[in-house]
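The values are calculated or read from the model by the stated rules, or taken from the named source; none is laboratory data. Bear in mind the structure is a predicted one, so any value in this text is a computation, not a measurement. All Cβ positions, even for glycine, are placed from backbone atoms using ideal geometry, and neighbour counts span all protein chains on display.
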Amino acid sequence: MTAATATTADTFRPALHYAARNTWLNDPNGLIFHDGLYHLYYQNNPLDNVWGNMSWGHATSPDLTTWTEHAVAISCDEEEDIFSGSIVFDQDNTSGFGTGAAPPLVAVYTSAFKPGSAHEGLQAQSLAFSRDGGYTWTKHTANPVLSRGSAEFRDPKVIRYDGGAGSYWVMVAVEATDFQVVLYKSHDLKSWELLSTFGPANATGGVWECPDLFPLPVDGDPQNLQWVLTVNLNPGGPNGGSAGQYFVGDFDGTTFTSATTVTEGLQDPDRLGEYQWLDWGRDYYAAVSFSNVPHGRRLMIGWMNNWQYGNEIPTAPWRSPMSLVREVTLATVDGNRRLLQHPAEEMTALPPKTEFESRARELPEGQHLIEGPQGRVQRIDAWFTAGTAEEFGLIVRGNGTKGTRIGIRPGAGQLILDRRESGLTDFHDSFASVECAPILPVDGMYQLTVYVDSCSVEVFAQHGRLTLTDLIFPDESSTELSLYANGGPATLNSLSVATYG
Ligand code: FRU
């Protein structure tokens, strides 16, 4: 274990988020709802709490709020590390790994071949199957099933396409350093045919990783489906380091055509603010969606960390939490197709220890401690109207004047998250930061839903139009919640706080 893990008590272990018991994790992998359980696999180092020995860890949840960790699902060996990928339920046993009566789960993952192995230096796509509902896995003997002779071909997400062009498996993966999503087709998950490529487009300030492709009804209309292509990139995010962008458009079974591309080819770094981001914070990466969720819901999870400092965050014995599960929908916003993101509604089933409500009040210039809702784990719902304040908002996990600021700067049209005085920040030069995202009032108001946990803040603003996720490492005694206004007054229209711990 590294020096940064010297913290004795496990004070940063999240209450509402998944983290492994005592090991490292990064990307969510193989997200699938199967036999009544949500399965979360993830990039895992089974032997340490820093990146290495990449294998797939495994946890399950009946309700998206409580998770049970299981044995490592797919392990690295002398030939390969097991990089990111996805899982499908092969209901018709197209792969032949199961039987018609007992169809298998099939994992499609990236083999990162090790020095000295038969495919040394390559990244290629491989299969493993499970006949016991996802607990034990067997690697296919004829791996890899898809190689391009590339060292940067990874992160396959496989979906079932059922549309005008037929019914088959579609894989989206990346040629990471070419800023390209590559799309393949298969009938048996074993032999793959190239369909098309997408990119470079919009943000290309870092390698493209972990893509996803899914249809969503526009404004809830099942007759009007559009396709969403998500692509994570590292670095090159809007506030530095790892982040995820998305495109909305059409997929005809062969080609994804984006209706939201701003720049083709290599990015103009000054245009990051015009692109569509899954999250504007610094700690929401490698986000992908669950397969086979009932009622057509599209649920996503991201790795709540950033490759800039991921291996150094001061948690022990584990390192890196997952984000909350988010439900994403597609809506028309000011004439454009945009993703809306909300915490999965299952979160509201958790019984709070205390609840607090405040009615509308003026917010004079200054910092105003709210007596009552103290805690380390909270959901905060707040509505504000701008006055003449330059900046106003909330201070969470506070201690006197210190804390994490979540503010609106109406003149600048910005939502900010300032974690410079959030607690421990000096474990990495780039950690202390102020994140900015564009925000406009809706019906004259600013709406924030904020989940605060032992080491994180997730902001869902303006009814899910904008999200901003950051890690923080406050002292356990930092439990105050305050409101503030700088440079003039603002109005608090309403505030409710559910405290879980
Ligand atoms: C993204 C990533 C993937 C890769 C995995 C390795 O965070 O770099 O591209 O498959 O992590 O752990």
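Here are the numbers for this structure:
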| read-out | value |
| --- | --- |
| Lone qualifier among Thr60, Thr65 - being part of a loop (DSSP other than H, G, I, E, B) and closer than 26 Å to Tyr500 by Cβ | Thr65 |
| Test for Thr332: is it closer than 26 Å to Asp283 by Cβ and either of a type in the set (Lys, Arg) or exposed (fewer than 13 other Cβ atoms within 10 Å of the Cβ) (or both) | no |
| One residue from Pro317, Pro238 being part of a loop (DSSP other than H, G, I, E, B), more than 23 Å from Phe179 (Cα to Cα) and either within 16 Å of the ligand (Cβ to nearest atom) or not charged (D, E, K, R) (or both) | Pro317 |
| Residue in segment 66-80 that is under 19 Å from the mean Cα position of the chain (by Cα), of a type outside the set (Asp, Glu) and within 16 Å of the ligand (Cβ to nearest atom) present | no |
| Verdict on Ala71 being surrounded by fewer than 16 Cβ atoms within 10 Å (Cβ to Cβ), in the same structural domain as Met304 (by TED's automatic domain parsing) and in a strand (DSSP E or B) | yes |
| Qualifying position, being at pLDDT below 95, under 30 Å from Gly30 (Cβ atoms), away from the ligand (no atom under 16 Å from the Cβ) and out of contact with any His (no Cβ under 9 Å at 6 or more places or on another chain), among Thr348, Thr401 | Thr348 |
| Top-ranked residue of segment 134-159 - restricted to ones that are surrounded by fewer than 16 Cβ atoms within 10 Å (Cβ to Cβ) and under 23 Å from Pro28 (Cβ atoms), ranked as farthest from the chain's Cα centre (by Cα) | Thr138 |
| Top-ranked residue in segment 84-94 [being of a type outside the set (Phe, Trp, Tyr) and under 30 Å from the mean Cα position of the chain (by Cα); ranked as surrounded by the fewest Cβ atoms within 10 Å (Cβ to Cβ)] | Gln91 |
| Segment 28-85, residues that are more than 20 Å from Val158 (Cα to Cα) and of a type in the set (Phe, Trp, Tyr) | Trp51, Trp67 |
| Unmet criterion (only one of (1) surrounded by fewer than 16 Cβ atoms within 10 Å (Cβ to Cβ); (2) among the hydroxyl-bearing types (Ser, Thr, Tyr); (3) within 13 Å of the ligand (Cβ to nearest atom); (4) part of a strand (DSSP E or B)) for Thr197 | (3) |
| Unmet requirement for Gln414, which otherwise passes all of (1) under 23 Å from the mean Cα position of the chain (by Cα); (2) surrounded by 19 or more Cβ atoms within 10 Å (Cβ to Cβ); (3) in contact (Cβ under 8 Å) with a residue 24 or more places away in the chain | (2) |
| Filter pass, Asp35 being modelled with pLDDT of 95 or more, out of contact with any Leu (no Cβ under 7 Å at 6 or more places or on another chain), charged (D, E, K, R) and within 16 Å of the ligand (Cβ to nearest atom) | no |
| Residue check for Glu120: over 17 Å from Ile87 (Cα atoms) and under 28 Å from the mean Cα position of the chain (by Cα) | no |
| Wholly enclosed strands (runs of 3 or more DSSP E) of segment 391-501 bearing at least 1 residues under 21 Å from Thr11 (Cα atoms) | 391-399, 402-409, 446-453, 456-461, 466-471, 480-486, 490-499 |
| Selection count where residues are among the β-branched types (Val, Ile, Thr) and over 22 Å from Leu340 (Cβ atoms), scope segment 419-466 | 2 |
| Scope segment 284-312; condition within 15 Å of the ligand (Cβ to nearest atom), more than 8 Å from the chain's Cα centre (by Cα) and crowded, with 21+ Cβ neighbours inside 10 Å; matching residues | Asn305, Asn306, Gly310 |
| Long-range neighbours under 8 Å by Cβ, at least six apart or interchain, first residue in the same structural domain as Pro294 (by TED's automatic domain parsing) within segment 51-67, second among the acidic types (Asp, Glu) and in a strand (DSSP E or B) | Asn53/Asp81; Met54/Asp81; Ser55/Asp81; Gly57/Glu69; His58/Glu69; Ala59/Glu69 |
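Conditions tested, residue by residue: (1) aromatic (Phe, Trp, Tyr); (2) within 16 Å of the ligand (Cβ to nearest atom); (3) touching a Leu at 6+ places or on another chain (Cβ under 6 Å).
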{"residue": "Met171", "(1), (2), (3)": "no, yes, no"}
{"residue": "Ala176", "(1), (2), (3)": "no, yes, no"}
{"residue": "Asp188", "(1), (2), (3)": "no, no, no"}
{"residue": "Gly206", "(1), (2), (3)": "no, yes, yes"}
{"residue": "Asn234", "(1), (2), (3)": "no, yes, no"}
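Condition check ((1) among the small types (Gly, Ala, Ser); (2) more than 16 Å from the ligand (Cβ to nearest atom); (3) assigned to a strand (DSSP E or B); (4) assigned by TED's automatic domain parsing to the domain that holds Asp35) across all residues:
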{"position": "Gln91", "(1), (2), (3), (4)": "no, yes, no, yes"}
{"position": "Thr99", "(1), (2), (3), (4)": "no, yes, no, yes"}
{"position": "Val108", "(1), (2), (3), (4)": "no, no, yes, yes"}
{"position": "Gly116", "(1), (2), (3), (4)": "yes, yes, no, yes"}
{"position": "Phe129", "(1), (2), (3), (4)": "no, yes, yes, yes"}
{"position": "Gly133", "(1), (2), (3), (4)": "yes, yes, no, yes"}
{"position": "Ala151", "(1), (2), (3), (4)": "yes, no, no, yes"}
{"position": "Ile159", "(1), (2), (3), (4)": "no, yes, yes, yes"}
{"position": "Asp162", "(1), (2), (3), (4)": "no, yes, yes, yes"}
